[in-house]
Amino acid sequence: MQLHIRHETIYQYEEPVKYSIQTLRLTPRRDAGQHAMSWRVSTPGRRMEQTDAYGNITHLLTYEEPHREISVIVQGVVETGTSETFADEGPLAPLAYLAPTPLTRPDPELRTFASRYLVGDASLRTRVERLADALHKAIQYRRGVTVVTDAAATVLARGEGVCQDHAHAFVACCRSAGIPSRYVSGYVYSPDAPEVASHAWADVWLGPNNGWMSLDITHRQTVGERHCRLAVGRDYLDAAPVRGVRQGGGGESMQVAVFVATSPQQQQQQQQQ
């Protein structure tokens, strides 16, 4: 499938910003199963491209002139495949994705929840799929009830959250049972719910014979040709599409628009709605 993607992020500030620096993880990964046929990053200031420790293509954006707005626009066409698993371990061994982080540290309740589905004689794939299904039911999708600093255990106890929270909870449960798992940020083509085009899910390591499997807990499915991977990491902070700091500026507002379509015509219709 060919996904036509456009992602616009605009920051506006109450006062002039003297200096800002942003890390952009907004370029599709060079993973098996997807290929960027074309991709363009448009920003002010200076950019330096590099690949981070997780294999993510990043741009370090520095803007040293006084400014009250930053506009970051990426767009292009990505060809995706249907494979549910891929054997490439990436630059880090799977064991690197076992250690908990502040956002994925389990508490006793989360450990108990995880053990209900991950302990048993069924195949590892069956067990992690059962876990994903249980988390989909346990954490109802609801916008505006969580923030990016909410930990997985907190979200599971609350029972509400968004795709980021589903991914964190899944990763935390797997790691609590000794199963390597990582957070994934990216895009999804969802014609019935275009507002969730910017998305997050999780990878789980099924062993050297099967490799990584990607699970979209929010949509209750394995990841396939409707998904485009941007970045992976231990949690959101490692894979966030945009993160940065600034000097000055006062209050800040941010506008984000993401369009994922299967043709230029469909994308144009989305932008006009």
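Structure summary
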| quantity | calculated |
| --- | --- |
| Cα-based convex hull volume of segment 85-238 per residue, rounded to whole Å³ | 101 Å³ |
| Size of charge dipole - segment 85-238 - debye, nearest 20, with Cβ of Lys, Arg +1 and Asp, Glu -1, no other charges | 280 debye |
| For the chain, with +1 on Lys and Arg beta carbons and -1 on Asp and Glu, the positive-most of SER42, SER115, GLN255 along the dipole | SER115 |
| Cα-centred dipole magnitude for the chain, charges only on beta-carbon of K, R (+1) and D, E (-1), debye, nearest 20 | 220 debye |
| LEU26 long-range amide H proximity, modeled H, under 5 Å | HIS59 |
| Pairwise centroid distance, computed over Cα atoms, of segment 139-195 with segment 101-128, Å | 14 Å |
| All-pairs Cα distance distribution in the chain, expressed in whole percent, bin size 10 Å | 7, 29, 34, 23, 7, 1, 0 |
| Spin-label pair SER83/ARG30, simplified geometry with 7 Å Cα→Cβ offset, distance in nm | 1.6 nm |
| Peptides 261-269, 26-34, 141-149 ordered by average Cβ neighbours within 10 Å, highest first | 26-34, 261-269, 141-149 |
| Using a Förster distance of 30 Å, the FRET efficiency for GLU69-LEU98 (Cβ separation, nearest 0.05) | 0.10 |
| Rounded tilt (10° steps) of 124-138 against the dominant C-alpha axis of the chain | 60 degrees |
| Structure-based [θ]222 nm, the chain - -39500 (n - 2.57) summed over DSSP H runs of at least 4, per residue, nearest 500 | -6500 deg cm²/dmol |
| Segment 85-238: relative contact order as a whole-number percent, Cα under 8 Å and 6+ apart | 28 percent |
| Gaussian network model of the chain, Cα within-10 Å springs - most flexible of ALA197, ALA114, ALA96 | ALA96 |
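Any read-out appearing in this document is the output of simple, stated calculations on the displayed coordinates, not a laboratory observation. All values reported here derive from a predicted model rather than from experimental measurement. All Cβ positions, even for glycine, are placed from backbone atoms using ideal geometry, and neighbour counts span all protein chains on display.
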